[in-house]
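**Q** The structure that follows is given in the form of structure tokens.
The values are calculated or read from the model by the stated rules, or taken from the named source; none is laboratory data. The shown structure was predicted, so the numbers you read here are calculated from the model rather than taken from an experiment. Methodologically, a virtual Cβ is constructed for each residue, glycine included, from the backbone with ideal geometry; neighbour enumeration extends over all protein chains shown. In case anyone asks, the SASA skips ligands and DNA or RNA and just uses the protein heavy atoms, side chains included. Shrake-Rupley method; radii C 1.70, N 1.55, O 1.52, S 1.80 Å.
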Amino acid sequence: MNLRHSSLAVLVAVLWGVNFVAIDMGLHANGTEVPPLLFVAMRFVLVVFPWIFFIRKPDVGWRAILGVGLFMSAGQFGLLYLAMGLGMPAGLASLVLQAQVLLTVLLAAGLLGERPKRAQLAGVVLGVAGLAVVGVGRSLVAPVLPLIIVLAAALSWAAGNIVARQAKATSGLGLVVWSGAVVPLPLAALSLLVDGPDAVGGVLADLQPVTVVSAVYTAVFGSLVGYGIWNRLLGLYPSSAVVPFTLLVPVVGMTTAWLALSEVPSPAEIGGGILLLGGVATAVFGSRGPVGLGATAGQRRWYAQRRDAAFAGDAGGGFAAGLGVDLPAGLAEEAGGTRGLADGARVAPDREPGRP
């Protein structure tokens, strides 16, 4: 990965790390407790509108769109916001949610028949040990229920990863927007049922500025810009070159929470977090992609040609022009621009069609 794209991957990690603090501040705005499920619905209204009118439906079935929307969006964020509403610290949430990497390995093995490598299994064991340490340390100072709910959010995200992988959408940004349409109405209805019309109506009638800013940040920077860049990078490089940057998310999240919210993790949480991130790193680096050290010359040429063609097609992508990036060419693609190389017609040499 070249320097520019590495910098963009770091930018995404920073945006996602800050995202947890933005969520916490929006949920607890000036002493007002915003119903978590309502807040998720507000976020995804901004993710979907007005973008859905300009971005073409991704070339996947409605079942895939529904699955990604339910698991990766509604399930993950509904549970995450609920846990943070119940007192889960923002920094710790950013750490525990990274368990999704390990859970994805396990789900891929069970549902897709992908046999994990020894390093991946070792990473899972190490990560589970880290989570156990975090859980024990957390239970000594606060209720452990929010921690369990964040783990459920990580499991939902992992399930969404499996659905998205099977869907193989050519437009990651399109999938984010269209699957996001699944979220607002069900979660708003669930919030009305759980929190009551009076609580929901009261919050909507007296929205705090920090809640609005938080919703805009999480929707625009966390979802549209973040996932737009991230999915584009995954389209240009093997996942083994991109995914390791997620290890920076809890570092940014915990640092930002310390600076903005004065959150100081306990020694057990720090020690368990190091073990968890070590497990994630072991699982990620233990699944090196085809352009790793053992790649053939043909595979390296194929990925180089793929990037060159994609770069040539990025010229019209203006979604993130204000940020000075050329990655989220999703809008350019939806407008009829580049769609080559992602259509599945070409595969890397020495690999079977449809294999990761």
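**Q** Any chance you could look up the accessible area of Met1 with a 1.4 Å probe, heavy atoms only, rounded to 10 Å²?
**A** Its heavy atoms expose roughly 70 Å² to the probe.
**Q** Residues of region 186-231: accessible area per residue at 1.4 Å, in Å²?
**A** In whole numbers, region 186-231 has 45 Å² accessible per residue.
**Q** How would region 1-73 be classified by its alpha-carbon gyration tensor: rounded, prolate or oblate, with rounded meaning a/c under 1.5 and the a/b versus b/c comparison settling the rest?
**A** Note, shape of region 1-73 comes out oblate.
**Q** Also, I was wondering about something else. Report relative contact order for region 1-135 in percent, whole number only (criteria: Cα-Cα under 8 Å, sequence separation at least 6).
**A** Reported relative contact order: 27 percent.
**Q** Follow-up question, since we're still on this one. How much net charge surrounds Ala64 when only the other residues with a Cβ under 14 Å from the Cβ of Ala64 are counted, with Lys and Arg +1 and Asp and Glu -1?
**A** +3
**Q** Now, a different point. Between Leu66 and Val212, what FRET efficiency comes out of the Förster formula 1/(1 + (r/R0)^6) with R0 = 35 Å and r the beta carbon distance, rounded to 0.05?
**A** Efficiency for this residue pair is about 0.75.
**Q** Please compute the modelled spin-label separation between Phe49 and Ala260, points set 7 Å along Cα→Cβ, answer in nm with one decimal.
**A** Output for this residue pair reads 2.6 nm.
**Q** A further question follows. Show Lys168, Lys57, Lys117 ordered by accessible area, largest first, where the area counts protein heavy atoms only and the probe is 1.4 Å.
**A** Lys168, Lys117, Lys57
**Q** Quick check: from the Cα gyration tensor, does region 177-268 come out rounded (a/c under 1.5), prolate or oblate?
**A** Taking the square roots of the gyration eigenvalues as a ≥ b ≥ c, region 177-268 is oblate.
**Q** Still on this structure, I have one more. For a Förster distance of 56 Å, can you work out the FRET efficiency between the beta-carbons of Leu3 and Thr32, rounded to the nearest 0.05?
**A** Computed FRET efficiency for Leu3 and Thr32 comes out at 0.80.
**Q** With N denoting the number of residues in region 21-118, provide Rg(C-alpha) divided by 2.2 N^0.38 Å, to two decimal places.
**A** 1.32
**Q** Moving to a separate point now. In region 1-65, what percent of the accessible surface is made up of carbon and sulfur (1.4 Å probe, ligands and nucleic acids excluded)?
**A** Looking at region 1-65 in its full context, I get 69 percent from C and S.
**Q** What is the percent carbon and sulfur in the accessible area of region 86-199, measuring with a 1.4 Å probe over the protein chains and ignoring ligands?
**A** With neighbouring chains kept in place, the figure for region 86-199 is 71 percent.
**Q** Here is a follow-up. Give me a comma-separated list of calculated 3J(HN,Hα) values for region 250-267, in order, Karplus coefficients 6.51, -1.76, 1.60 applied at θ = phi - 60°, integers in Hz, x for any Gly or Pro.
**A** Ordered by residue, 3J(HN,Hα) equals x, 5, 5, x, 6, 5, 5, 5, 5, 6, 8, 10, 6, 7, 10, x, 6, x Hz.
**Q** Can I ask one more? Keeping every protein chain present and rolling a 1.4 Å probe, give me the accessible area per residue for region 25-77 in Å².
**A** Accessible area per residue: 45 Å².
**Q** Over region 59-166, what is the relative contact order in whole percent, taking alpha-carbon pairs under 8 Å and six or more residues apart?
**A** Relative contact order here is 55 percent.
**Q** Still on this model: Please work out the FRET efficiency for the pair Ala205 and Ala129, using the Cβ-Cβ distance as r and a Förster radius of 30 Å; give the result to the nearest 0.05.
**A** 0.05
**Q** Please give the solvent-accessible surface of Leu204 in Å², to the nearest 10, using a probe radius of 1.4 Å with every protein chain present.
**A** In the full protein context, Leu204 sits at about 90 Å².
**Q** Please work out whether region 170-212 counts as rounded, prolate or oblate from its C-alpha gyration tensor, where a ≥ b ≥ c are the square roots of the eigenvalues and a/c under 1.5 means rounded, while otherwise a/b larger than b/c means prolate and anything else oblate?
**A** Since a/c reaches 1.5 but b/c is at least a/b, the shape of region 170-212 is classed as oblate.
**Q** Tally Lys/Arg at +1 and Asp/Glu at -1 over every other residue whose Cβ is under 15 Å from the Cβ of Leu126; what's the total?
**A** Charge balance in the 15 Å sphere: +2.
**Q** Follow-up question, since we're still on this one. Which net charge results when you count Lys and Arg as +1 and Asp and Glu as -1 among the other residues whose beta-carbon is under 15 Å from that of Gly279?
**A** So the surrounding residues net to +2.
**Q** Given the protein chains as shown and a 1.4 Å probe, how many square angstrom of Leu106 are accessible, to the nearest 10?
**A** We get 80 Å² for Leu106.
**Q** Calculate, in nm to one decimal, what Leu86 and Leu111 gain on full extension: separation in residues at 0.36 nm each, minus their alpha carbon distance.
**A** Here the segment from Leu86 to Leu111 would lengthen by 5.8 nm.
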